[in-house]
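Here's the structure we're looking at; comments come further down.
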Amino acid sequence: MAIIDFFDRGWRLNPEGAAYIQGNRSYSFNEVGRLSCRIARALQTAGYGRGSKGAVWAGNDTTAWTCALGLWRANMAWIPVGARNAAEENRHVLDSFDCDVLFFQKEFEATIAALRPQLPKIKLFVCIDGEAEAAVSLPAWVEGHADTDPGIAVDLDDVVAISPTGGTTGLPKGVMNTHRSIQTFVAHFMIGCSYGAQDRPVNLAAAPMTHTAGLLSLPCTARGGAVVILPKPDPALLLEAIPAHRVTEFFLPPTVIYRLLDIPEVNKVDFSSLKYFLYGAAPMSLDKLKRAIEVFGPVMMESYGQTEAPGAIACLRPDEHFNADGALASDEQLSSVGRPHPLIRLEILDDDNRVLPHGETGEICIRGDLVMKGYYNDPVKTAETIVDGWLHTGDIGHLDASGRLHITDRKKDMIISGGFNVYPSEVEQVIWAHPAVRDCAVIGIPDKKWGEAVKAVVELNADQSVSEEELITLCKQKLGSVKAPKTVAFATLPRSPVGKVLKKDLRAEYWRAAERKI
């Protein structure tokens, strides 16, 4: 299927029903579908189609998302740009990925105007919600174009998204996903999150739609369900929206879930409509996961993926958080990311690309239709990442006897201290378990004696405290002295706009400081 076919499937199922809800406004499938057709026809008339690239610089917004649907209907590649990103990062993405068309909200007009001299490849600017200098307004631009599907032919290997990598390792690379890879993602989601034939799911898009929430809304749309769009993952808005709209599914990164659990009134909210509360994008504290199950019910679902294999490599379904007798599953099972999805092959490979048996640790590699086409204009990096058809994820892990996948860490984050491998996530799980700790990150820093020393940077809960000595002693008791941090710092952790802890920034800061002392 082409990516736009998923919207059109829902359109046929529920033409007069609500496709999107934003604030007090409901947008029907007919309304959104017809506007997306007019956008696609206007793009086609302007000479854009297969091979062209378009971006939407906007916050979570129905019209902005309709512009993305219009790009896909025209068989163009969508370039996601985050509204909360630094302007320079978005400029780099738009220029490096050869953006042709930019849709934008008026609130970003001044920022875009300042960047325009550095964006010579963009030939068409469209303001979606007003009049803007040197841009055409969306209503004026689509006026006169038919609101029926232009029927543009596609190939499943046409690129439909050039997505910037998370930015946690330097300047973003452009991941090229196709109709085929997105089709596989949607299929995995629909298999993993089942509904009855008459059910109309309600998806809550609270995280940025330019990152994860947008693609995660497609399976709901394909079922003729409604997507409730929030401007940001504000805890108060989330807790209000879930019972008000009888939300059945949504995704949040762990950092936002922690904030929800800190709200005293969270136990008073009606979560009975929820079927699937997805979490992922970063490791989650086991203690906080158990607390989330208490608060939200038996609905937690871990999803593991990456931009290069969008969102759907493996999942731990809600029922897999429990044993057959209804008791909470073991910590070993809860710490896994579940079993690989059915439409890919996943293996653990060693440094010589040999398949390792269950229980042995190596790099998580996958192959199949979920895998990206490659990195935009970067054949060297593509060849390094996709080897003999295997996508090398850069994640280290193992498969247990039940076939569940355990992620030990990012390959580049592993610490070698005194000749021993130390996986930061193992240490982080111990520190997260302390009640005073909100979040933490473990990194290696230069050390004359050990080569690298284990260092923990800890963010505390409000009005709570714990000493460096207490945390080091706790880790020694649980993990032994080799894996225990040599030092602990207390600070606010640097995060990306989507909530990922930026370990590269932490490492840069502490390596500079440590090198001055060596």
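Computed from the coordinates by the stated procedures, all read-outs in this text should not be read as laboratory data. Model, not experiment: these values are computed from the prediction. Here the Cβ positions follow ideal geometry from the backbone for every residue, glycine too, while neighbour counts run over all protein chains shown.
Structure data summary
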| item | result |
| --- | --- |
| Listed peptides 240-248, 3-11, 214-222 by packing density, highest first (mean Cβ within 10 Å) | 214-222, 3-11, 240-248 |
| Net charge contributed by nearby residues that have their C-beta within less than 12 Å of residue 29 (K/R +1, D/E -1) | +2 |
| Folded to 0 to 90 degrees: helix 286-296 orientation relative to the chain principal axis, Cα | 50 |
| Simple spin-label estimate for residue 123 and residue 273 in nanometres, 7 Å along Cα-Cβ | 4.5 |
| Descending semi-axes in Å of the chain, equivalent ellipsoid built from Cα gyration tensor | 38, 26, 23 |
| Rounded to the nearest 20 debye, dipole of the chain from Cβ charges on Lys, Arg, Asp, Glu | 440 |
| Helix 29-45 axis, angle to the chain major axis (alpha carbon atoms, nearest 10°) | 80 |
| By average C-beta atoms within 10 angstrom, highest first, the peptides 25-35, 486-496 | 25-35, 486-496 |
| Residue 387 paired with residue 351, simple spin-label distance in nm, labels 7 Å along Cα-to-beta-carbon | 1.1 |
| Sequence-distant aspartates and glutamates (8 or more away, or on other chains) whose Cα lies within less than 13 Å of residue 106 | 61, 129, 131, 133 |
| Residue 234 paired with residue 487, simple spin-label distance in nm, labels 7 Å along Cα-to-beta-carbon | 4.0 |
| Across 232/381; 373/411; 53/373, pairs whose alpha-carbon gap is larger than 25 Å | 232/381 |
| Nearest 10 degrees, 0 to 90: helix 62-73 Cα axis against the chain principal axis | 80 |
| Length gained when the stretch residue 464-residue 400 is fully extended (0.36 nm per residue, less Cα-Cα span) | 19.3 nm |
| Peptide ranges 392-402, 375-385, 262-272 listed from the most packed, as the mean C-beta count within 10 angstrom indicates | 392-402, 375-385, 262-272 |
| Relative contact order (%) - the chain, alpha-carbon pairs under 8 angstrom, separation at least six | 11 |
| Farthest toward positive dipole pole in the stretch 35-94 [+1 Lys/Arg, -1 Asp/Glu at C-beta], among 79, 43, 56 | 43 |
| 5 angstrom amide H check on residue 83, placed H, neighbours 5+ away | 58 |
